[in-house]
Every structure is written in structure tokens, then in C-alpha cells.
Amino acid sequence: MTGFPYKLVATDLDGTLLRSDDTVSQRTRDALAAATAAGAAHIVVTGRAVPWTRHILDDLGYDGLAVCGQGAQVYHAGEHRLLTSVTLDRQLAGLALSKLEAEVGPLALAASRDGLDGEVLVGPGYRVQEGPLPYLPYEDPADLWSAPLNKVYIQHPELDDDALALAARQAVGGLVDVVMAGAGVVEILPLGLSKATGLSLAARRLGAKAADTIAFGDMPNDIPMFAWAHHGVAMANAHDDLKAVAHEITASNDQDGIAVVLEELLAG
């Protein structure tokens, strides 16, 4: 085995590191362990906030840094400690939503509260993906704004994800950032926040640079991370917008696409 060419392996979670059943294959675990043994650091970079990420990291035996909440949070998994956190200006977010609804009509809303134990609030009409992730329903709109938030999720009864994200960028792109992070997941974020900003902060703490980084992802919210990293690898199941800017396309998340690339790099 020759020297591994990267100091940092950045992986998204959903649709990338995680298979469709929300597990990480043994082959991928072994490939990441081999890359780590060869001198690289593995860093998870996910749109999920810490409370929705922590159990996965614990299952992996992951004790390094993770970038959560679309770059809003840098989390030390080994110490279960939040190192940095960026919150959404709630007044600005409220203004953005009002302007957007004036253009496209009523939206269904959810939001991720800040902090290690921040709840995900889900409002009337918001379609929640089935699974084990906890959330807290609310009826009173004031509850949405009663504590600091990392992000607001938006859904529309008629517009699909890409159309909603485009409409939101056109209507309020100067106030907030808008990303499409998965099926049914369009998010309102602080202006200028992305996976790239969070990853660059974490990389600095690890003594790594963009030129030292290979990144894996599957959705448009990974585009800034690919722009920052030296080499961006899109999964076969990735959104077309991400594939268009990727340096390489690997196998799908269910076919160990991360491992396929890492094994080739490790073999020299």
C-alpha cells in the first residue's frame, strides 16, 4: 500500500455514507479505517443538526470533528461538545418567509433549534420522512420563533423541491441562503453559510487545507463543499446539479461508492 494522497476525507451522510437503510456497510467502515491508518482524518459533513447526527457517529465509534447543520455547527464527537454554532436571525428569516409566501403562497414549515439537544419543530402540513429521528409537532406559529434556530425547513403543496428552492432564491436570496438537501428538504439558512464554511473551520482545527481534501456527496447542498475541496466525488445516486460540478462519479451509496474510491487511492 502506497501513501494516501489526502489528509482529509469529508463525507456527507444521507445518500452518501449511509445506505438506504441508514446503515454504514462494513466495506465502507474498513476503507475509512484504512484511510485513517494511512494518515487521513475522516470528517462527517452533514445537513443534519447534531441531535440527528450524534447517534450515527456513536455507532461508528467516531470521535473526531463533525460539521453539522449545513455548516452551522462544528461538533467534537469524542467529547460530545459543540465547538462552534451559527444561528439564523429569526427576524430576518420571518421577513424572508413573508416575502416568499407573497410570491408562491402558503408554506408548510419546520425548524431546527440550536444546541446539542435542540429539537426539530414540525408545523401543520409539513411532511415528515418516516424514520427514527425525533421531532416535536407545534400548532402555534409563535412556538417556531421562541428559541434560537439553525435553519427553517420549507415545503410547498404544489412546487417540487427544485422549483421551490429556485423560487426561494429568486425571492429572498439577498436575505438568506436556500439549499435543497434531499427529497422534501428545502432549507432556509443564514446568508453565507454552507457546508464549505463549516468544513473550512473544522479543517483548520485539524491542520488540513482545501488542497488536502477529498469530499463525497449526493445533493445540491454539497456543491459549496465540492467547490472548496481539491476533489469532489458524487455518488451514482446524486442529484444532476452535483454531478455537473463533480470531478468524479462513483458507485451509489448502496454499492459502497465511498469505499470504491478510497480502495483505489489506497492501492496507489
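The values are calculated or read from the model by the stated rules, or taken from the named source; none is laboratory data. Quick caveat: nothing in here was measured; it's all calculated off a predicted structure. Here the Cβ positions follow ideal geometry from the backbone for every residue, glycine too, while neighbour counts run over all protein chains shown. Ligands, DNA and RNA are stripped out before the accessible areas are found, and what is left, the full protein with its side chains, is counted by its heavy atoms. Shrake-Rupley method; radii C 1.70, N 1.55, O 1.52, S 1.80 Å.
Structure summary
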{"read-out": "Average accessible surface area per residue within the chain, 1.4 Å rolling probe, Å²", "value": "43"}
{"read-out": "Whole-Hz ³J(HN,Hα) from phi, Karplus 6.51 cos²θ - 1.76 cosθ + 1.60, for the range 67-78, glycine and proline x", "value": "9, 10, x, 6, x, 6, 10, 10, 10, 8, 5, x"}
{"read-out": "Beta bridge orientation in the chain: antiparallel %, DSSP, nearest 5", "value": "60"}
{"read-out": "Cut-off under 5 Å, modelled amide H: who pairs with residue 83 long-range", "value": "74, 75, 76"}
{"read-out": "The range 89-111 residues near the modelled residue 158 label - backbone nitrogen below 13 Å, point 7 Å along Cα→Cβ", "value": "103-107"}
{"read-out": "Cα gyration tensor shape of the range 45-180, rounded if a/c is under 1.5, else prolate or oblate by comparing a/b with b/c", "value": "prolate"}
{"read-out": "Cα centroid separation, the range 215-249 to the range 47-101 (Å)", "value": "20"}
{"read-out": "Cα-based shape type of the range 156-196, given that a ≥ b ≥ c are square roots of the gyration tensor eigenvalues and the cut on a/c is 1.5", "value": "oblate"}
{"read-out": "Counting DSSP beta bridges with both ends in the range 109-243, the antiparallel % (nearest 5)", "value": "75"}
{"read-out": "Within a Gaussian network of the chain (alpha carbon springs, distance under 10 Å), most fluctuating of 144, 97, 133", "value": "133"}
{"read-out": "Farthest positive-ward along the chain dipole, Cα basis, beta-carbon charges - from 4, 31, 232", "value": "4"}
{"read-out": "Carbon + sulfur, % of accessible area of the range 1-145 - ligands and nucleic acids excluded, 1.4 Å", "value": "50"}
{"read-out": "Span-rule helices in the chain, defined as complete DSSP H runs reaching 20 Å or more along the axis (Cα) with Kyte mean at least -0.5", "value": "90-104"}
{"read-out": "Percent of beta bridges antiparallel (DSSP, the range 37-94, rounded to nearest 5)", "value": "80"}
{"read-out": "Within the range 49-135, GluC sites (Glu not before Pro) in DSSP loop having at most 13 other beta-carbon neighbours inside 10 Å", "value": "79, 130"}
{"read-out": "The range 32-149, dipole about Cα centre (Lys/Arg Cβ +1, Asp/Glu Cβ -1), debye to the nearest 20", "value": "260"}
{"read-out": "Under 11 Å, Cβ to Cβ, from residue 242 - net charge with Lys/Arg +1 and Asp/Glu -1", "value": "-4"}
{"read-out": "Max mean-square fluctuation residue, GNM over the chain, Cα-Cα springs under 10 Å, options 92, 100, 199", "value": "92"}
{"read-out": "Aspartates and glutamates with Cα under 19 Å of residue 7, excluding same-chain neighbours fewer than 8 positions away", "value": "30, 63, 212, 248, 263, 264"}
{"read-out": "Span per principal axis, largest first, for the Cα atoms of the chain (Å)", "value": "58, 37, 32"}
{"read-out": "Where labels lie 7 Å past Cα in the beta-carbon direction, separation of residue 146 and residue 263 in nm", "value": "5.2"}
{"read-out": "Among 161, 30, 256: highest mean-square fluctuation, GNM of the chain, C-alpha pairs under 10 Å", "value": "30"}
